[in-house]
Amino acid sequence: MFPLRSPQMLQMLEKSLKKGLPESLKVYGTVFHINQGNPFQLKVLVDKWPDFNTVVVRPQEQEMTDDLDHYTNTYQIYSKDLKSCQESLALSDVINWKQHLQIQSSQSSLDEVIQSLAAAKSVQVKKTQCILYMMPQTAKRLVPFLLDTKNLHSESRAPRVINQEMFKVSSLDVTHAALVNKFWHFGGNERSQRFIERCIRTFPSSCLLGPEGTPVSWALMDQTGELRMGGTVPEYRGQGLISYITQVHVQAQEKLGFPAYNHTDRANKIVQKLSQNLHHIRMPCDWNQWNCVPL
């Protein structure tokens with residue numbers, strides 16, 4: 001596999017990935033932000049060009065210095081041909097299987113490929129599969145055929161009114177990373193906090209400051225453009241704050257033309273209900289993550 005470096009090629013790739021939506025969503029979102037200045041300093045590899053089968057997005061080698069940091073050592077993959085994908089990845093050193101790493105994709109069909117490659121490299125794999133949502137305005141722009149076939153809403157629903165004297169809209173500061181990390185389902189450790197700090201420094205974020213002047217609810221995206229980290233501190237839950245700040249954040253993203261999407265655990269009925277109330281569109285494909293650890 002070889003890297004795409006020219007802006008023209010990357011723009012062509014973005015257009016091509018758009019045709020593969022919603023299954024290309026994680027890779028499409030990442031490439032979209034690479035074309036907005038590549039704030040996370042990622043690189044894009046394809047098996048051939050321009051008629052590619054497989055795309056892999058990953059950090060630059062110099063970023064991946066901690067073999068145990070699977071938050072940094074994250075790969076996004078999209079493929080039109082699974083047999084070709086397996087051959088391309090087996091014959092290249094695109095993935096460093098000696099590290100703790102994550103692979104993300106909106107294609108559940110990649111499971112067999114990843115499991116097979118991991119077995120050949122003596123790597124243990126843990127798969128997480130979640131529900132994938134796209135926000136209505138993004139869906140209207142990127143996958144209008146889904147709205148047509150399912151007779152779904154193309155407009156977000158207004159969130160509950162909040163006490164705007166008590167809560168002020170703001171953005172997250174790096175000093176808030178520990179708070180976000182504490183409540184992030186995939187976080188709670190030193191490496192995840194470093195990753196969150198980087199996301200806060202790199203991407204737009206939104207939060208509600210409470211009476212004490214500290215965040216009580218927040219929304220933060222990752223390098224794929226996904227609204228990945230959102231939460232409310234326990235003492236302020238049940239007041240509609242996460243719905244409110246999610247809408248604030250999403251509207252700001254969509255004004256910039258950014259694709260807005262997120263995922264939730266299949267067991268998290270609260271967030272599923274919230275997504276339903278806000279008219280988020282459930283995708284026919286899943287959010288998938290494979291955590292890989294060398295044995």
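The values are calculated or read from the model by the stated rules, or taken from the named source; none is laboratory data. In this text the structure is predicted, and so the values were computed from the model without any measurement. So basically every Cβ, Gly included, is an ideal-geometry build from the backbone, and we count neighbours across all protein chains shown. The area values use the complete protein model at the heavy-atom level, side chains included, leaving out ligands, DNA and RNA. Shrake-Rupley method; radii C 1.70, N 1.55, O 1.52, S 1.80 Å.
Assorted remarks:
- Only Lys, Arg (+1) and Asp, Glu (-1) charged, at Cβ; the range 166-294 dipole about Cα centre in debye: 140
- Straight-distance crosslink candidates among aspartates and glutamates, where the alpha carbon sits under 13 Å from residue 26 and sequence neighbours closer than 8 are dropped: 14, 222, 226, 286
- The portion of the accessible surface of the range 118-259 made up by carbon and sulfur, rounded to a whole percent, is 49 (1.4 Å probe; DNA, RNA and ligands excluded).
- Computed [θ] at 222 nm, deg cm²/dmol, the chain (DSSP H ≥ 4; -39,500 (n - 2.57); rounded to nearest 500): -10000 deg cm²/dmol
- The HN-Hα couplings worked out from phi for the range 232-239 by the Karplus form 6.51 cos²θ - 1.76 cosθ + 1.60 (θ = phi - 60°) are 9, 5, x, 5, 10, 6, x, 10 Hz, whole numbers, x standing for Gly and Pro.
- Shape box of the range 168-208 [Cα atoms, principal axes, largest first, Å]: 28, 19, 15
- Considering only Cα atoms, the convex hull volume of the range 157-226 works out to 104 Å³ per residue.
- In percent, rounded to a whole number, the relative contact order of the range 1-153 is 20, using alpha-carbon pairs under 8 Å and six or more apart.
- Span from the the range 126-140 Cα centroid across to the the range 185-214 one, whole angstrom: 21
- Where the range 9-160 is the region considered: accessible area per residue in Å², 1.4 Å probe: 45
- Pairs beyond 21 Å (Cα-Cα), from 80/126; 140/255; 43/140; 18/43: 80/126; 43/140
- A cut-off of 5 Å between modelled amide H atoms, ignoring neighbours fewer than 5 places along the same chain, links residue 70 with no other residue.
- With the convex hull of its Cα atoms as the shape, the range 1-159 has an orientation-averaged projected area of 10.7 nm².
- Principal-axis analysis of the Cα atoms of the chain puts helix 190-202 at an angle of about 80° to the longest axis.
- The chain: Rg to Rh, with Rh as the Kirkwood radius over Cα pairs: 0.96
- Helix 7-19 vs. the chain, principal-axis angle (Cα, 0 to 90°, nearest 10): 70
- Peptide ranges 175-186, 104-115 listed from the most packed, as the mean C-beta count within 10 angstrom indicates: 104-115, 175-186
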